[in-house]
Amino acid sequence: MKSRGAVLFQPASPLEICEIDVSPPRAGEALVKMAAAGVCHTDLHVMQGKFPAPLPAVLGHEGAGVVAEVGAGVASLKVGDHVIPLWRLSCGRCEYCKMGRPALCAEGTRIRNTGRLPDGTSRLSLGGRELKHYAGVSTFCEYSVVPEAALLKIAPDVPLDRAALLGCAVVTGVGAVTNAARVQPKQTVAVFGAGGVGLNVIQAAAMAGAGVVIAVDVHASKLHLARRLGATDTVDASAQDPSAAVRAITGGRGVDFAFDAVGSPAVVRQAYECLAKAGRLVVLGIAAAGAEVSLPLSSLVFEERSIAGSFYGSGRPAEDIPILVDQYRAGRLKLDELLTRRYPLEQINEAYAALDRGEVARSVIVFEDRSERQDAKTPRAEARGRAG
């Protein structure tokens, strides 16, 4: 079948909207009609050549849609099911899967590095030329073939443009707080970078009961939104030394946890320098390939500071995302506020230009208007109507 998709042919070039050929799903796969796809910095890094990926590829890794067809042997899904693609496929059998860290599974790494599905082939092509599946899901395509194991079924009452955010930005940010850091009530937190991921770190820290949640960014609009999502204090890093400002807010002590949601060596160093004794830095921003950071080793020993990485929420996305859905329904997790703009597929390069300029928290590519029409029927809107 023919499907419009956003293809990256080479680094440092814009995405091209093409009519691509999508082969039917094979055994253990499903064809998903995408409703919305998140505009994420990770794809931007690939587009800019900062992060390697097999090309040419249909990009996109954050999204939500509806199952249009299933291949042989698919038992957990049927046509019409609403799903979120999980962009880090795991085998379920290796040591990392068994210890609850499926993002570290070698199967996901292999798919990421080859751009092909588990059987070693692609379902995407253009004029007979193979196109790669980005992260195994390629959500910047009207129709995409995805392995059954990489699709999470969700209830149909969750608007798909909001559901798309759960697959990367939300689970990554919230998981960094709940799984990697395990922030406790009254502890102090600083979040460097108030974009799509950082804002979810902020709201997760607030949900965990942190006593102080400091948002650090260079864009005033993002700092304003950070306060709406739970930040108690904000620091404009374009106007002052952010590490010194964080220490001033905490009376010179520093914070128990600092989170880097930017992926810049300079920002990682700034976040580290605002830690209190025994404080922990959690790095979840995606850095350019080969990036390194310099840190004073003495503080690791004499002040017992520590550094940890967090990838895809450091947990089990297939189990964690349904919990996030319940929190959204209950009004605790804010998704509506995160969604800054919607773009049609034809404006995807404009969407990434706005992201690169820092104009948006999270935007989505919407393939059709049905998610807009669901606005009045969100779970919280219906709850407000019943309460009234």
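FYI, it's all coordinate maths here, none of it is from the lab. Quantities reported herein were computed from a predicted structural model and do not represent experimental measurements. Glycine also receives a Cβ, built like all others from the backbone with ideal geometry; neighbour counts cover every protein chain displayed.
Summary of computed values
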quantity: Peptide ranges 193-204, 116-127 listed from the most packed, as the mean C-beta count within 10 angstrom indicates; calculated: 193-204, 116-127
quantity: Cα-based Rg / Dmax (Å) for the range 1-40; calculated: 12.6, 36
quantity: Ordering of 59-70, 92-103 by packing [mean C-beta count within 10 Å, highest first]; calculated: 59-70, 92-103
quantity: Local electrostatic count at Gly279 - Lys and Arg +1, Asp and Glu -1, tallied over other residues with Cβ under 15 Å; calculated: +3
quantity: Relative contact order [Cα under 8 Å, 6+ residues apart], the chain, whole percent; calculated: 17
quantity: Cβ charges +1 (Lys, Arg) and -1 (Asp, Glu), total dipole of the range 1-142, debye; calculated: 340
quantity: Peptide ranges 256-266, 282-292 listed from the most packed, as the mean C-beta count within 10 angstrom indicates; calculated: 256-266, 282-292
quantity: Estimated [θ] at 222 nm from DSSP helical runs (n ≥ 4, -39500 (n - 2.57)) normalised by residues in the chain, nearest 500; calculated: -7500 deg cm²/dmol
quantity: Positive minus negative residues near Gly230 (Lys, Arg vs Asp, Glu; Cβ under 12 Å); calculated: +2
quantity: Dipole axis of the chain (+1 Lys, Arg; -1 Asp, Glu on Cβ), positive-most option in Leu338, Gly251, Ala106; calculated: Gly251
quantity: Label-point gap, in nm, between Glu337 and Ile323 - each point 7 angstrom along Cα→Cβ; calculated: 2.1
quantity: Within straight-line cross-link reach of Lys153, lysines at Cα separation under 24 Å, skipping those fewer than 8 residues along the same chain; calculated: Lys33, Lys78, Lys98, Lys334, Lys377
quantity: Normalised contact order of the range 173-311, rounded percent, pairs of Cα under 8 Å and 6 or more residues apart; calculated: 22
quantity: Potential lengthening between Glu19 and Ala239 on full extension [0.36 nm per residue; Cα-Cα distance subtracted]; calculated: 74.6 nm
quantity: Net charge, His61 excluded, C-beta distance under 12 Å - Lys, Arg +1, Asp, Glu -1; calculated: 0
quantity: Helix 196-207 vs. the chain, principal-axis angle (Cα, 0 to 90°, nearest 10); calculated: 60
quantity: Rg in Å to one decimal, and Dmax rounded to a whole Å, for the range 173-311 via C-alpha atoms; calculated: 13.2, 38
quantity: Ala155 paired with Glu303, simple spin-label distance in nm, labels 7 Å along Cα-to-beta-carbon; calculated: 4.6
quantity: Rough spin-label spacing in nm, given labels placed 7 Å along Cα→Cβ, for Ala106 and Ser294; calculated: 3.7
